[in-house]
Amino acid sequence: SPPLLQVNDLKKHFPVRAGLFGPRSERVYAVDGVSFEIERGETLSLVGESGCGKSTVGRAILRLFDVTAGQVILDGQRIDDASPSALRQMRRRVQVVFQDPFSSLNPRMRVRDILAEPIRNFGLAKSAADLDARVASLMDTVRLPREALNRRPHEFSGGQRQRIGIARALAAEPELIVCDEAVSALDVSVKAQIVNLLQDLQREFGLALLFISHDLAIVEHMTHRVAVMYLGKIVELAPKQEIFAAPSHPYTQALLSAVPLPEPGAARSPIILRGDVPSPINPPSGCRFHTRCPFAFDRCRIEEPQLRATGSDQWVACHLDEPPQGWRP
Ligand code: SF4
Ligand code: MG
């Protein structure tokens, strides 16, 4: 059978209105040729600095907008050009948990109705009694008391609200959940609880997760594979062990150097990259990282490196034959 999700050469370009400085209309190359697959029951993390396009990839998979080019395929069926009726079923199978449960939960609705809504919308309940039973059991699943069903979102803590957001996603019986910075706004201890809950649910329901996060310590804790994005492109894609123990791409190495090691007091020495992330409006030619890469050579400015296999399941987009070892800019 095909992988649960296939993303093929996905592009999302946004037009920018011609500004004060000239009549030329420009485009933001937010996502510019991204490909990956997610297997059933797998967690793939999309990481990178803000503005790298990782949230845009998530939104394209949820089909919150039309893509510019490429394909998003769920279980062999295209999402990107699906008919409205086909899209409805696919929407049930791919749910989302956003960063901010404050804004994603309707403050006027009781939890009971927040959870009942997707069950009704997707016609999952066989009867009124079945609907009630499903709603109650979702509370058990996310470890919230059933008594709380009559309360409204503001009566809960941030972590509890995120549990409600997860329960709402689960109500649709999805196979894939896009978690867009789903734990980023939470306190450290709450963050760990929600991450552990997501892992338990993944095992219990065989869920696949697309975990979009800038928090690499959390990613290391919970993911199976990692895709590192820079300016709209994946620069490295590999299992967690390879990414964290032996990153190949100079950008991945720099990004990871800032992640604290698990042992107290131990630290990797951070690699400080020179310069800011260039604008996705006019991304650099060739390798988009060449303006900040200490290893850039002539070819990097001209020719775009393609993702190529460097291990059994490791893909790297860089012209260097060997990953640099122990470098400091
Ligand atoms: Fe650096 Fe060149 Fe590799 Fe890009 S292709 S990461 S500029 S060495
Ligand atoms: Mg984002």
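Some points to look at:
- Only residues that are over 17 Å from GLN253 (Cβ atoms) and within 16 Å of ligand 2 (Cβ to nearest atom) were counted across segment 273-320, and they come to 1.
- Condition broken by THR68, with the remaining ones in (1) surrounded by 14 or more Cβ atoms within 10 Å (Cβ to Cβ); (2) within 23 Å of LEU197 (Cα to Cα); (3) hydroxyl-bearing (Ser, Thr, Tyr) satisfied: (2)
Residue-by-condition table, conditions (1) basic (Lys, Arg); (2) in contact with a Leu (Cβ under 7 Å, 6 or more places away or on another chain):
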position	(1), (2)
VAL57	no, yes
LEU62	no, no
ASP66	no, no
GLN71	no, no
ARG78	yes, no
ALA82	no, no
ARG88	yes, no
VAL97	no, no
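- Failed condition for HIS319, given (1) farther than 23 Å from VAL226 by Cα; (2) more than 22 Å from the chain's Cα centre (by Cα): (1)
- Filtering segment 166-184 to residues that are more than 12 Å from ligand 2 (Cβ to nearest atom) and either out of contact with any strand residue (DSSP E or B) (no Cβ under 8 Å at 6 or more places or on another chain) or among the charged types (D, E, K, R) (or both) leaves ALA167, ARG168, ALA171, GLU173, GLU175, VAL183.
- Residue check, SER45 touching a strand residue (DSSP E or B) at 6+ places or on another chain (Cβ under 9 Å) and of a type outside the set (D, E, K, R): yes
- Looking across segment 276-308, the residues that are out of contact with any strand residue (DSSP E or B) (no Cβ under 6 Å at 6 or more places or on another chain), modelled with pLDDT of 90 or more and among the aliphatic types (A, V, I, L, M) come down to ALA296, ILE302.
- Only a single criterion out of (1) closer than 30 Å to PRO153 by Cβ; (2) out of contact with any helix residue (DSSP H, G or I) (no Cβ under 7 Å at 6 or more places or on another chain); (3) crowded, with 19+ Cβ neighbours inside 10 Å is not satisfied by GLU42, namely (1).
- In segment 158-269, counting only strands (runs of 3 or more DSSP E) that sit wholly within it, the ones holding 1 or more residues that are under 28 Å from ARG120 (Cβ atoms) span 176-180, 208-212.
- Test result for PHE156, of a type in the set (Phe, Trp, Tyr), over 21 Å from ASN106 (Cβ atoms) and either more than 16 Å from ligand 2 (Cβ to nearest atom) or at pLDDT below 95 (or both): no
- Some residue of segment 215-237 being more than 16 Å from CYS52 (Cβ to Cβ) and within 16 Å of ligand 2 (Cβ to nearest atom): yes
The values are calculated or read from the model by the stated rules, or taken from the named source; none is laboratory data. Worth saying up front: this structure is predicted, and the values here are computed from it rather than measured. Cβ: placed from backbone, ideal geometry, glycine included. Neighbour counts: every protein chain shown.
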